[in-house]
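Trainee: I'd like to ask you about the structure that follows.
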Amino acid sequence: MLKRLDLRGRSDKLADLLPRPQASTAVPAEAVRELIDQVRNGGDSAVRELTARFDGVDVPDTLVPASELQAAWAGLSPALRSAMETAHQRIVEFHRTEAAVGHTYERDGVTVRSISQPVDRAGVYVPGGLAAYPSTVLMTVLVAQAAGVDDIVLCSPPGPDGNLSPSVMAAAHLCGVSEVHRVGGVQAVAALAYGTETIRPADVVAGPGNAWVATAKQLVAGDVGVASAFAGPSEIVVIADGTCPPAAAATDVVLQAEHGPGGRAWLVTWDPACADAVCEAIVQIVDLSPRRDETLATLEADGFVCLVDGPAQAAEVANFVAPEHLQLMCDGAHELLADIRHAGAVFVGQWAPASVGDYVAGPSHVLPTAGTARFAGALTTDDFTKRMHVVEVSEAGFDRLAPAVAALAEAEGLWAHAASVSRRKEWSTSGIRP
């Protein structure tokens with residue numbers, strides 16, 4: 001089921017030995033751009049036509065009434081309601097502690113204050129289709145709220161009946177989101193970026209999705225704020241050895257694969273017996289899964305078991321893959337963590353499966369995929385804010401720094417820049433307003 005890669009004794013470059021998908025080629029970008037332009041030019045009618053084409057349902061009015069959101073919350077089982085409340089509390093608490101705070105820098109009569117300002121409006125995307133993801137509502141909306149964003153709009157694809165999953169609507173109600181739209185896919189990203197007659201454009205678009213959704217976010221970046229990560233199909237790398245129960249490692253390899261095709265699932269080990277035992281357990285676990293077909297499709301397309309010489313080479317493989325989720329289920333896991341540089345989230349030890357991070361650990365589960373963990377990280381409050389610098393200069397500070405400003409401006413041939421400091425004293429003493 002998993003393709004076997006044996007790197008033991010190999011001195012080749014990892015780039016010559018290991019596969020790495022390219023996010024930019026996951027889907028045809030030109031086709032995505034055409035869909036974006038269709039919504040940008042056609043508004044609500046284009047959204048309705050594309051929803052009928054891709055989701056197979058006609059949705060004349062995308063807005064979900066607040067009464068339906070409230071009814072969905074009231075209809076939850078006590079166990080699920082309690083679980084959502086637990087996740088809600090932990091996510092809010094974590095992101096409030098991580099939220100950026102301002103600071104002040106003073107030197108030579110110049111005072112600079114750095115102020116974190118939230119965007120006015122955030123758009124969050126919650127995937128659907130193969131499954132319902134109320135956890136993604138919490139993991140996006142609550143991050144934006146912790147950043148100070150008051151105006152949040154949520155889009156999620158409708159089901160065959162034209163409605164959203166009750167659990168998704170319930171999560172939106174719990175988070176206090178009143179503007180929820182039944183629209184998904186590229187058309188949702190385009191609507192959030194450029195607006196339609198009924199969906200006002202957002203300043204930032206966030207949330208995971210399939211490769212089409214992730215590519216659409218890349219294409220609208222610049223017209224709207226988008227996190228630098230490619231938050232596409234789910235991935236996991238499990239580094240394990242003989243100290244790890246094979247069934248535990250196997251389950252954790254499978255848990256991200258069950259999201260469906262397009263993701264990646266890796267087992268990396270220096271213990272051949274561990275590799276064999278985990279692979280055998282994976283077969284049994286997949287056969288038990290209600291999502292067997294989706295899981296099998298991911299594992300057969302992009303599932304790998306990688307044999308390495310030892311922990312150091314295992315870390316090299318993990319850094320090369322730069323996975324969304326990385327689990328260290330081996331002896332000396334904390335020591336191995338020091339060698340990890342590229343991963344969306346790392347889970348250390350036998351009692352920290354990635355599923356804890358998916359739901360209740362606190363940080364957002366919207367993480368970089370397709371190798372973008374090399375330069376990007378998890379969704380945080382920083383994705384919904386921007387830094388504003390406030391500069392104040394005393395007269396003494398001006399006198400001290402004006403010569404440096406003038407010299408640099410003259411070197412660049414910018415006369416007015418130089419004049420703004422070289423003549424300021426003259427203007428001040430003569431009563432002329434600069």
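The values are calculated or read from the model by the stated rules, or taken from the named source; none is laboratory data. Everything numeric in this text was worked out from a predicted model, so none of it was measured. Reconstructed Cβ throughout: ideal geometry from the backbone, glycine too, with neighbour counts over all protein chains shown. Surface areas here come from the heavy atoms of the whole protein model, side chains and all, with no ligands, DNA or RNA. Shrake-Rupley method; radii C 1.70, N 1.55, O 1.52, S 1.80 Å.
Trainee: Which residue out of V92, V27 is in contact with a Ser or Thr (Cβ under 6 Å, 6 or more places away or on another chain) and either under 26 Å from H365 (Cβ atoms) or in a helix (DSSP H, G or I) (or both)?
Mentor: Of V92, V27, the one residue that is in contact with a Ser or Thr (Cβ under 6 Å, 6 or more places away or on another chain) and either under 26 Å from H365 (Cβ atoms) or in a helix (DSSP H, G or I) (or both) is V27.
Trainee: Just a yes or no: is a residue in region 299-322 touching a Ser or Thr at 6+ places or on another chain (Cβ under 6 Å), among the charged types (D, E, K, R) and buried (at least 16 other Cβ atoms within 10 Å of the Cβ)?
Mentor: For region 299-322, residues touching a Ser or Thr at 6+ places or on another chain (Cβ under 6 Å), among the charged types (D, E, K, R) and buried (at least 16 other Cβ atoms within 10 Å of the Cβ): absent.
Trainee: Would you check which residues across region 79-113 are open to solvent by 40 Å² or more (accessible area, probe 1.4 Å) and among the small types (G, A, S) and list them?
Mentor: A79, S82, A83, G102
Trainee: Same structure, new question: If you scan region 332-376, which residues turn out to be among the hydroxyl-bearing types (S, T, Y) and not in a helix (DSSP H, G or I)?
Mentor: Result: S364, T369.
Trainee: Hey, another quick one. So which pairs qualify, if the first residue must be in region 134-155 and in contact (Cβ under 8 Å) with a residue 24 or more places away in the chain and at positive phi, the second must be of a type outside the set (D, E, K, R) and surrounded by fewer than 24 Cβ atoms within 10 Å (Cβ to Cβ), the Cβ gap must be under 6 Å, and the two must be at least 6 apart or on different chains?
Mentor: Matching pairs, first to second residue: G148/P118.
Trainee: Among all residue pairs at least 6 apart or on different chains, which show Cβ distances below 6 Å where the first residue, located in region 2-13, is in a strand (DSSP E or B) and the second is modelled with pLDDT of 90 or more?
Mentor: From region 2-13, the pairs are K3/F304; R4/V305; L5/F304; L5/C306; D6/L307.
Trainee: How many residues does region 72-97 contain that are in contact with a His (Cβ under 6 Å, 6 or more places away or on another chain) and under 21 Å from T385 (Cβ atoms)?
Mentor: Result for region 72-97: 0.
Trainee: Moving on. For R48, state whether it is at pLDDT 95 or above, closer than 16 Å to P157 by Cβ and exposed (fewer than 14 other Cβ atoms within 10 Å of the Cβ).
Mentor: no
Trainee: With E410, E392 as the choices, which residue is assigned to a helix (DSSP H, G or I) and surrounded by fewer than 21 Cβ atoms within 10 Å (Cβ to Cβ)?
Mentor: Only one candidate passes the filter, namely E410.
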